[in-house]
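Trainee: This is the structure I want to talk about, given as structure tokens.
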Amino acid sequence: MNLTDAIKKYPSHLSARGISLRTQSKYMYELNALRKLLDSDDWPTHPQLAEWQAAQTHVTKVTMHHKVTTVKAFFRWAVEMEYIEADPSAKLVVPKRPRTFPKTLTESQIDFLLHRWEPYYIKRDAYLIDRDKALVKVFIMTGLRRAEMCSLDVGDVNLEGRAISVRSGKGERDRTVVIPKNVIPELTALTEGRDIDAPLFIGKGGERLTPAAINYVFLRKVSKAMNRRVTPHMCRHAYATYLVSKGTPLHQVQELLGHESLATTQLYLHASARDLKNAVDVLDDIA
């Protein structure tokens, strides 16, 4: 089997591993770009791949890490499938991925969004005000991803059991998220008297709210009111950082967030430690 045919077969392997279609597209983009650069159906040699890596001087360390790990994973799979005898990428050095702290919201910003924020709509669309306020509150209080929020149905919300069933989250992993008591009124209003198969959040025409529509709410309503860029993911980070700062065990935060790796969740531990350091710095004023 040649390189091109193997690349075409790779998505089936990724799907079997539960890799989301969005992530698959990123992997395939890198592999097809490599194939185009090589301009051959033949399997590459190590020197060719080393030359490819050395030429990536225009990309960030994060992007370079993604490119190399994608290529190495593909060639390991090709060896396992016996398409090739030796892995030409085995000696490629994966650049260390720089540690970055997630952008989040301050407690005062969260308080504003939960208690004082009033999105503006013209009179005929005023009914969307309550929807947007509920949407943002659920983001902050559950840490759900944008795609997960869009996929929620009324039947996924169990108010009596205080649980939201997240079906096929990132990596196709289902999980249960606990509903905080202070968001029950909003979820009650969203679910009361509605069919269990109906989408939890809907747009103007009654259809399921799309990721683009959520982006619009955060860009045109939330960010404008906050005078800074606010994203759904920042609400997720605020949720996680708050749980960690209050002593919630990391493995529990990992489960609530749907992280595959505990290392990802540990970012919030470092972020919390940084906040504590900043808090203690005020003691310098005493000296």
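None of the figures in this text is laboratory data; all of them are computed from the coordinates on show. What you are looking at is a predicted structure, and each value in this text was computed from that prediction instead of being measured. A quick note on method: Cβ atoms are made from the backbone with ideal geometry, for glycine too, and the neighbour counts reach across all protein chains shown.
Trainee: Taking only DSSP H segments of four or more residues, each worth -39500 (n - 2.57), what value at 222 nm results for the chain once the sum is divided by all its residues, to the nearest 500 deg cm²/dmol?
Mentor: On the way: 13 runs with 150 residues, N = 287.
Estimated from H runs of four or more residues: -16000 deg cm²/dmol.
Trainee: For the chain, what does the relative contact order come out to in percent, with C-alpha contacts under 8 Å and a separation of six or more?
Mentor: Working: 304 pairs, mean separation 47.1, N = 287.
Once divided by the residue count of the chain, the mean separation gives 16 percent.
Trainee: Go through Lys9/Lys91; Lys103/Lys204; Lys204/Lys224; Lys96/Lys221; Lys96/Lys224 and tell me which ones have a Cα-Cα distance over 29 Å in this structure.
Mentor: Listed pairs above 29 Å: Lys103/Lys204; Lys96/Lys221; Lys96/Lys224.
Trainee: Per 5 Å bin from zero, what fraction in whole % of the C-alpha pairs of the stretch 152-244 is there, up to the bin with the longest pair?
Mentor: In order of increasing distance, the bins hold 3, 11, 16, 22, 25, 17, 6, 1 percent.
Trainee: Show me the ranking of peptides 121-128, 232-239, 107-114 by mean Cβ neighbours inside 10 Å, starting with the highest.
Mentor: The most tightly packed comes first, giving 232-239, 107-114, 121-128.
Trainee: Next question, about the same structure. Label-point separation (nm) for Arg175 and Ser40, each offset 7 Å from Cα along Cα-to-Cβ?
Mentor: It is 4.5 nm.
Trainee: Could I ask something else about it? If R0 is 35 Å, what FRET efficiency do you get for Lys246 and Lys96 from their C-beta distance, rounded to 0.05?
Mentor: E between Lys246 and Lys96, to the nearest 0.05, is 0.65.
Trainee: Here's something else I'd like to know. Round to the nearest 0.05 the FRET efficiency obtained for Lys204 and Ala86 when R0 = 51 Å and r is the Cβ-Cβ distance.
Mentor: Result of the calculation: an efficiency of 0.35.
Trainee: Identify which of Thr63, Thr241, Thr231 has the largest mean-square fluctuation in a Gaussian network model of the chain, with springs joining Cα atoms closer than 10 Å.
Mentor: Of Thr63, Thr241, Thr231, the most mobile in the Gaussian network model is Thr63.
Trainee: Here are some values of semi-axes √(5λ) of the Cα gyration tensor in Å: (1) 32, 27, 18; (2) 29, 23, 18; (3) 41, 26, 18. Which one was computed from this structure?
Mentor: (3)
Trainee: Given bins 10 angstrom wide, list per bin the percent of all Cα-Cα distances in the stretch 1-96, short to long.
Mentor: So the P(r) values, bin by bin, are 15, 53, 30, 2.
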